[in-house]
Amino acid sequence: MTDLTSLTLAEARKGLADKTFTSLELTDAHLTAIEAARVLNAFVMETPDQARAMAREADSRIAKGDAGPLAGIPLGIKDLFATRGVRTTACSKILGNFVPTYESTVTSQLWRDGAVMLGKLNNDEFAMGSSNETSCFGPVGNPWRRDGSNTTLVPGGSSGGSASAVAALLCMGATATDTGGSIRQPAAFTATVGIKPTYGRCSRWGIVAFASSLDQAGPIARSVRDAAMLLRSMAGHDPKDTTSVDIPVPDYEAAIGKSVKGMKIGIPREYRLDGMPAEIEKLWQAGADWLKSAGAELVEVSLPHTKYALPAYYIVAPAEASSNLARYDGVRYGLREPAKNIIELYENTRAEGFGAEVKRRVMIGTYVLSAGYYDAYYLRAQKVRTLIKKDFEDCFAKGVDAILTPATPSAAFGIGEKGGADPVEMYLNDIFTVTVNMAGLPGIAVPAGKDAQGLPLGLQLIGRPFDEETLFSLGEVIEQAAGRFTPARWW
Amino acid sequence: MSTATHKLLKGATGDWEMVIGMEIHAQVTSNSKLFSGASTAFGGEPNTHVSLVDAAMPGMLPVINEECVRQAVRTGLGLNARINLRSVFDRKNYFYPDSPQGYQISQYKSPVVGEGEVLVELDGGRSVTVGIERLHLEQDAGKLLHDRSPTMSNVDLNRCGVALMEIVSKPDIRDAEQAKAYVAKLRSILRYLGTCDGDMEKGSLRADVNVSVRKPGGPLGTRCEIKNMNSINFIGQAIEYEARRQIEILEDGGQIDQETRLYDPNKGETRSMRSKEEAHDYRYFPDPDLLPLEFGQEFVDALKAELPELPDQKKTRFVADFGLSAYDSSVLVAERESAVFYETVLDKLANRARDGKMAANWVINELFGRLNKEGRDITGSPINAEQLAAIVDLIGEGTISGKIAKDLFEIVWQEGGDPRALVESRGMKQVTDLSAIEKVVDDIIAANPDKAAQVKDKPQSLGWFVGQVMKASGGKANPQSVNDLLKSKLGL
């Protein structure tokens with residue numbers, strides 16, 4: 001029954017409803033796959049007992065005809081989501097063996113709808129990274145390799161564990177979070193579908209915060225339809241998060257297969273970077289052609305402040321992070337290093353508990369908020385953010401329904417290949433995705449092809465606020481045209 | 001803006017003027033904390049009123065408590081201040097174990113309440129208007145406990161996240177007397193509004209006092225901030241000490257270092273806590289977990305409509321309706337409980353228009369006087385408003401004299417009971433029956449023929465006869481009747 005892992009979520013839902021197989025069988029198949037794939041290091045915590053208990057519960061509800069929309073579907077959970085009674089660390093040493101007494105709103109909605117938890121997924125420490133190399137549990141392997149190469153590549157980040165696990169068929173879908181591209185870039189690196197919904201669409205309650213004004217949860221899935229199914233359960237207003245928005249959650253799945261005829265698709269000229277690989281350029285063109293064939297109209301648009309997005313992002317996000325991470329002080333939970341006094345306690349604990357990238361961002365953030373620098377950095381970055389938002393608003397005001405861009409400037413790279421000497425080299429991975437977070441818009445990454453070395457590449461569609469449905473409709477057009485991609489198993 | 005004359009301090013080089021501004025931290029009266037549902041009850045076992053949000057567990061988010069916003073707006077209205085329909089919560093970043101988030105959520109650039117003013121009464125009918133710069137909402141911190149372990153400190157987070165209003169005055173205060181009166185008046189307004197219990201002993205009201213000195217009318221001097229004062233008397237002492245300390249330094253040719261100081265009430269001195277160089281860089285920025293706080297004018301208007309009568313309004317009304325002096329009025333309204341007591345007495349009086357003023361005198365002179373003597377406050381009074389009203393009624397209707405009333409007051413104070421019934425049972429009723437008094441009058445005139453003869457030339461000696469008659473009647477004779485009777489008998 002191992003082929004149960006190769007089903008899409010939609011297919012599995014049908015099989016469960018038809019009683020072709022049980023959730024316990026489906027769950028066991030995935031638990032077996034997880035065990036066989038430990039070399040990928042996608043899971044940092046496996047919860048097989050809990051998974052089987054939840055599967056049995058789902059089976060009994062299915063038998064009673066009382067099944068939720070995700071009944072019996074085994075999922076992986078990014079370690080940024082607090083899970084009651086299950087260690088939650090954000091993949092940072094500073095949280096140690098922290099076991100929450102509470103469940104994040106997003107995951108509790110998944111369990112409400114019947115989903116099964118397989119375990120916790122690896123990510124960059126506190127979601128700070130684009131390669132999953134900053135995790136205290138070590139890097140994650142991408143199930144994809146270059147043709148004829150044995151080099152292990154990164155799955156992207158920060159939701160590297162989520163992307164890797166979904167691509168390697170270890171779970172039917174995964175939760176992820178996206179602050180600057182952390183859902184879309186790993187999805188593109190692994191030929192999975194990832195959507196970062198509009199800021200405020202999903203509750204942030206119970207998700208370890210990185211940068212509060214940018215963080216947003218979303219799914220990584222095996223198909224556009226699967227992503228739509230998962231997002232419907234994850235989204236919704238939460239009175240415990242006052243930045244979440246109180247508007248109804250539509251049936252996203254209903255948008256799949258809807259005609260895109262007459263839709264106006266913007267191609268932003270500022271995303272055509274100097275020195276961009278020809279194959280990215282080619283992929284982008286292919287995406288435009290597919291949408292055109294489906295009846296959409298393509299227009300060139302301008303997002304003039306795009307070039308300021310990455311620098312502004314690397315002020316705003318670290319500023320918020322420096323404050324959000326102040327609570328990890330060794331006083332109440334997590335790691336506590338021996339010390340003679342309180343200052344030493346802070347210093348020793350944080351020196352030992354945080355990794356290099358986290359420290360770098362805490363220091364950048366502290367610096368840009370400091371007296372005398374605040375106006376020059378933080379305030380100016382916020383102004384840039386307003387301009388970036390306005391760029392998009394102007395564009396949408398002209399009748400553009402969505403914007404098509406590459407998801408990443410390159411395919412996956414090898415572990416240790418980037419960012420060693422110059423962190424900016426790593427930061428450039430998010431060049432196409434950060435603008436979307438800065439503007440609070442929804443963005444989806446859909447697999448669209450492969451590069452010359454056989455590695456997957458993705459395209460990104462950016463939508464109007466709270467118009468995820470259009471992204472699912474358009475994303476499915478690309479998915480249909482490009483086909484789905486599964487890595488050859490080497491692990 | 002100062003209208004009253006204020007105290008100047010004499011130095012070797014002449015007079016010095018104090019310039020004082022205050023930041024009052026007033027704990028908001030509310031059932032739950034500013035951003036969490038945890039209880040604000042005082043005195044719980046350590047760490048029993050702590051939510052996941054208060055303990056800053058990973059992934060927790062603040063949600064504004066609307067009642068705290070209403071309380072801040074009510075307070076703003078009570079301070080005649082501008083209410084800002086849009087304000088912003090900021091993070092004030094610093095590390096300390098009593099602050100689990102590593103930042104305090106406060107309001108920095110855009111407070112919920114803007115400029116206002118408070119009228120402060122001083123002795124001798126003088127007053128001063130103190131400007132309010134702003135009022136903002138912020139979280140209180142937890143409390144460190146250093147006495148539970150020889151090697152460690154513990155932290156109690158019960159207070160952590162409780163809502164505080166920081167009320168910042170303009171530097172309009174000019175001496176210790178004004179400063180004390182300002183705190184007392186602010187406390188009174190808060191208590192009338194029910195937005196803060198004003199209990200300084202429990203720390204519900206604390207003041208940071210900024211003090212500088214200058215030559216009268218000269219440019220402002222460098223200020224020092226005295227932190228965390230929780231007694232009105234200590235505030236006065238600390239200001240006097242600090243001003244003299246600064247004058248001494250300046251007159252010796254030195255300079256004042258801007259710094260934060262603490263007052264030691266045992267030694268009666270302030271001492272340096274940290275200098276400007278050691279001051280924290282709080283790295284304020286808007287809290288991205290919270291949207292700006294926005295409400296409409298109708299929200300403000302609805303709160304305004306329900307605002308209770310405040311001390312200034314009450315004082316004006318007492319003067320107008322009962323002919324009280326401004327001074328007596330301000331004594332009655334200074335504490336909410338006193339005003340409530342007086343108004344309850346008024347409610348119980350048989351003839352409020354006739355006896356309202358007398359009731360005020362009795363409340364102020366007899367009751368407050370006696371309470372003060374015994375070091376009690378109005379809430380601990382053994383005589384309640386109904387009893388006091390009955391005593392005043394008995395005087396007003398002529399059943400007892402003022403002198404007997406004092407005896408009656410003493411009995412009620414000591415033993416309790418219904419004053420009217422006591423007057424009956426103890427035979428304290430005033431004798432107005434002329435025939436009964438007449439006998440006494442005749443006897444006294446007969447016994448003192450020479451004095452009776454003199455009284456025509458010395459009418460003022462009539463008082464002696466009145467006294468004798470009153471004495472002989474055990475104080476129960478109606479003095480007016482005695483007076484009238486004596487006059488006619490003595491041919492005056």
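The values are calculated or read from the model by the stated rules, or taken from the named source; none is laboratory data. As the structure is a prediction and not an experimental result, all values here were calculated from the model. Counting neighbours? That spans all protein chains shown, and the Cβs are built from the backbone with ideal geometry, glycine included.
Taken over region A:151-202, the criterion of being out of contact with any helix residue (DSSP H, G or I) (no Cβ under 9 Å at 6 or more places or on another chain) and either free of Cβ contacts under 8 Å to residues at least 12 places away in the same chain or within 14 Å of chain B (Cβ to nearest Cβ) (or both) is satisfied by A:Gly200 alone. From the residues in region A:1-28 that are without any contact (Cβ under 8 Å) to a residue 60 or more places away in the chain and not in a helix (DSSP H, G or I), which one is farthest from A:Glu253 (Cα to Cα)? For region A:1-28, the residue satisfying everything is A:Met1. Just one of the numbered conditions (1) surrounded by fewer than 19 Cβ atoms within 10 Å (Cβ to Cβ); (2) touching a strand residue (DSSP E or B) at 6+ places or on another chain (Cβ under 8 Å); (3) under 30 Å from A:Ser322 (Cβ atoms) is not true of B:Gln104: (1).
Looking at A:Asp289, is it charged (D, E, K, R), assigned to a loop (DSSP other than H, G, I, E, B) and over 26 Å from A:Asn437 (Cα atoms)? Criteria not met by A:Asp289.
Among the residues of region A:58-69 satisfying the criterion of being part of a helix (DSSP H, G or I) and among the aliphatic types (A, V, I, L, M), which is surrounded by the most Cβ atoms within 10 Å (Cβ to Cβ)?
Pass one, region A:58-69, residues part of a helix (DSSP H, G or I): A:58-63.
After this cut, where a residue has to be among the aliphatic types (A, V, I, L, M) as well, the list is A:58, A:62-63.
Numbers: A:Ala58: 27, A:Ile62: 19, A:Ala63: 11.
Checked region A:58-69; the qualifying residue surrounded by the most Cβ atoms within 10 Å (Cβ to Cβ) is A:Ala58.
Anything in region A:203-231 that is more than 14 Å from chain B (Cβ to nearest Cβ), acidic (Asp, Glu) and within 26 Å of A:Tyr313 (Cβ to Cβ)? List them, or say none. Scanning region A:203-231 gives no hits. Looking only at residues in region A:90-105 that are away from every other protein chain (no Cβ under 11 Å) and touching a Cys at 6+ places or on another chain (Cβ under 9 Å), which one is surrounded by the fewest Cβ atoms within 10 Å (Cβ to Cβ)? Checked region A:90-105; the qualifying residue surrounded by the fewest Cβ atoms within 10 Å (Cβ to Cβ) is A:Lys93.
The test for being among the hydrophobic types (A, V, I, L, M, F, W, C), in contact (Cβ under 8 Å) with a residue 12 or more places away in the chain and more than 11 Å from chain B (Cβ to nearest Cβ) holds for A:Ala255. Residues in region A:348-379 that are out of contact with any Ser or Thr (no Cβ under 7 Å at 6 or more places or on another chain), more than 13 Å from chain B (Cβ to nearest Cβ) and among the small types (Gly, Ala, Ser): A:Ala351, A:Ala356, A:Ala376.
Listed by position, the strands (runs of 3 or more DSSP E) inside region B:95-193 whose residues that are within 15 Å of B:Leu79 (Cβ to Cβ) number at least 2 are B:116-121, B:127-139, B:163-169.
For the structure I just gave you, tell me whether A:Thr386 is without any contact (Cβ under 8 Å) to a residue 40 or more places away in the chain and either assigned to a helix (DSSP H, G or I) or within 14 Å of chain B (Cβ to nearest Cβ) (or both). So A:Thr386 passes the test. Of all residues in region B:234-246, those that are within 16 Å of B:His6 (Cα to Cα) have Cβ atoms under 6 Å from Cβ atoms of residues that are in a helix (DSSP H, G or I), 6 or more apart or on another chain, in B:Gly236/B:Ala176; B:Gly236/B:Lys180; B:Ile239/B:Ala176; B:Ile239/B:Ala179; B:Glu240/B:Ala176. Working only within region A:195-226, note down all residues that are over 16 Å from A:Asp79 (Cα atoms), not in a loop (DSSP other than H, G, I, E, B) and not small (Gly, Ala, Ser). Scanning region A:195-226 gives A:Ile195, A:Lys196, A:Cys202, A:Val224, A:Arg225, A:Asp226. Just one of (1) surrounded by 24 or more Cβ atoms within 10 Å (Cβ to Cβ); (2) of a type in the set (A, V, I, L, M, F, W, C); (3) part of a loop (DSSP other than H, G, I, E, B) fails for A:Leu169. It is (1). Comparison of A:Ala67, A:Ala55 shows that the only residue that is at pLDDT below 95 and away from chain B (no Cβ under 14 Å) is A:Ala67. Please work out if A:Lys359 is at pLDDT below 95, of a type outside the set (Gly, Ala, Ser) and more than 22 Å from A:Ala445 (Cα to Cα). For A:Lys359, the condition - at pLDDT below 95, of a type outside the set (Gly, Ala, Ser) and more than 22 Å from A:Ala445 (Cα to Cα) - is not met.
Filter region A:32-57 for residues that are surrounded by fewer than 20 Cβ atoms within 10 Å (Cβ to Cβ) and assigned to a helix (DSSP H, G or I) and give the result. The answer is A:Thr32, A:Glu35, A:Ala36, A:Arg38, A:Val39, A:Pro48, A:Asp49, A:Gln50, A:Arg52, A:Ala53, A:Arg56, A:Glu57. Taken over region B:217-276, the criterion of being loosely packed, with under 14 Cβ neighbours inside 10 Å and under 26 Å from the mean Cα position of the chain (by Cα) is satisfied by B:Asn233, B:Asp264, B:Pro265, B:Asn266, B:Gly268.
Among the criteria (1) surrounded by fewer than 18 Cβ atoms within 10 Å (Cβ to Cβ); (2) closer than 26 Å to B:Lys185 by Cβ; (3) more than 22 Å from the chain's Cα centre (by Cα), the one B:Glu337 does not fulfil is (3).
Is at least one residue of region B:206-213 among the basic types (Lys, Arg), away from chain A (no Cβ under 14 Å) and in contact with a Ser or Thr (Cβ under 7 Å, 6 or more places away or on another chain)? No, region B:206-213 contains no residue that is among the basic types (Lys, Arg), away from chain A (no Cβ under 14 Å) and in contact with a Ser or Thr (Cβ under 7 Å, 6 or more places away or on another chain).
Could you please let me know if B:Val209 is under 28 Å from B:Leu34 (Cβ atoms), crowded, with 22+ Cβ neighbours inside 10 Å and not basic (Lys, Arg)? Considered against the rule, which asks whether it is under 28 Å from B:Leu34 (Cβ atoms), crowded, with 22+ Cβ neighbours inside 10 Å and not basic (Lys, Arg), B:Val209 comes out as yes.
Residue count for region B:83-94 satisfying the condition of being within 11 Å of chain A (Cβ to nearest Cβ), part of a loop (DSSP other than H, G, I, E, B) and surrounded by fewer than 22 Cβ atoms within 10 Å (Cβ to Cβ): 1. Any residue in region B:160-169 that is farther than 19 Å from B:Val28 by Cα and more than 22 Å from the chain's Cα centre (by Cα)? No - not one qualifying residue is present in region B:160-169.
One residue is enough: does region B:282-293 have a residue meeting the conditions part of a helix (DSSP H, G or I) and either more than 14 Å from chain A (Cβ to nearest Cβ) or closer than 30 Å to B:Asp197 by Cα (or both)?
Within region B:282-293, none of the residues are part of a helix (DSSP H, G or I) and either more than 14 Å from chain A (Cβ to nearest Cβ) or closer than 30 Å to B:Asp197 by Cα (or both).
Checking the structure you have, find out if any residue of region A:296-319 is farther than 16 Å from A:Lys383 by Cβ, out of contact with any Phe, Trp or Tyr (no Cβ under 8 Å at 6 or more places or on another chain) and in a helix (DSSP H, G or I). Yes, that holds for at least one residue. For B:Asp407, the stated conditions do not hold, so it cannot be described as closer than 24 Å to B:Glu337 by Cα and of a type in the set (Asp, Glu). Counting only residues that are of a type in the set (A, V, I, L, M), surrounded by fewer than 24 Cβ atoms within 10 Å (Cβ to Cβ) and touching a residue at least 60 places away in the same chain (Cβ under 8 Å), how many does region B:190-206 have? Counting residues in region B:190-206 that are of a type in the set (A, V, I, L, M), surrounded by fewer than 24 Cβ atoms within 10 Å (Cβ to Cβ) and touching a residue at least 60 places away in the same chain (Cβ under 8 Å) gives 1. Just one residue in the set A:Ala317, A:Ala326, A:Ala402 is within 13 Å of chain B (Cβ to nearest Cβ), within 25 Å of A:Pro465 (Cα to Cα), of a type in the set (Gly, Ala, Ser) and surrounded by 21 or more Cβ atoms within 10 Å (Cβ to Cβ); that residue is A:Ala317. Residues in region B:95-143 that are within 14 Å of another protein chain (Cβ to nearest Cβ) and of a type in the set (A, V, I, L, M, F, W, C): 3 in all.
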